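What follows is a single structure, written as structure tokens, with notes after it.
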Amino acid sequence: MIRPIRHRLFALCLTGLAVCGAGRLGAVEPSSDSALQSNLDLVEREHGIRVDSVRLASSGYMLDFRYWVTDVDKAWTLFRDSQRRELVHTSTGARMIVPAPAYVGPMSQTSEKPKLDRRYYVFFANPGKHVQSGDSVTIYIGDVEIGPIQVR
């Protein structure tokens, strides 16, 4: 009895995300590999996180962003609950949000204080499988811009 209710709740959440949809922004041109690496190095130096990957998950309906904490003090600002997390599809400008189902809460790993050399994750909704493997995305956590990053 519990399992069908969970499936309906998950389906309802996905439907809500699809209805909310992905907004449009102006298109952004992908940058070169050297510029991309320097941006990711800058994020690590200034914000204390090293990007691991962005991967498709849940049959393509979710995007799984993984990163490592390399400096606890610098990374602390990114872990605040008040920080808005958003993923932007580079070629179309479509915005993806972190789903927050009523019984589960936001689908991002947080803790009171980040721990050094620990991998953390954030799940973003991908309604209609808008973002595909090989696409380029940029992640925003508060005012911090991370990317562009190629989706695996």
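The values are calculated or read from the model by the stated rules, or taken from the named source; none is laboratory data. Because the structure is predicted, anything quoted here is derived from the model rather than measured. Heads up, the Cβs are rebuilt from the backbone with ideal geometry, glycines too, and the neighbour counts pull from every protein chain shown.
Among the listed residues ARG50, ARG85, ARG66, identify the single one that is within 25 Å of GLN132 (Cα to Cα), without any contact (Cβ under 8 Å) to a residue 60 or more places away in the chain and over 12 Å from the mean Cα position of the chain (by Cα). Outline the logic, then answer.
Values: ARG85 fails: over 12 Å from the mean Cα position of the chain (by Cα); ARG66 fails: over 12 Å from the mean Cα position of the chain (by Cα).
Going through ARG50, ARG85, ARG66 in turn, the sole match is ARG50.
Within segment 109-131, one or more residues are modelled with pLDDT under 85, under 14 Å from the mean Cα position of the chain (by Cα) and either surrounded by fewer than 20 Cβ atoms within 10 Å (Cβ to Cβ) or not basic (Lys, Arg) (or both).
Just wondering, is there one or more residues in segment 6-24 that are in a loop (DSSP other than H, G, I, E, B), of a type in the set (A, V, I, L, M) and modelled with pLDDT under 50?
Yes - at least one qualifying residue is present in segment 6-24.
Summed over segment 40-73, residues that are more than 23 Å from ILE97 (Cβ to Cβ) and assigned to a helix (DSSP H, G or I) total 7.
Scanning segment 99-152 for residues that are under 14 Å from HIS89 (Cα atoms), among the aliphatic types (A, V, I, L, M) and in contact with a Lys or Arg (Cβ under 8 Å, 6 or more places away or on another chain) gives ILE139, VAL151. Just one of (1) exposed (fewer than 12 other Cβ atoms within 10 Å of the Cβ); (2) among the hydrophobic types (A, V, I, L, M, F, W, C); (3) not in a loop (DSSP other than H, G, I, E, B) fails for TRP76. It is (1).
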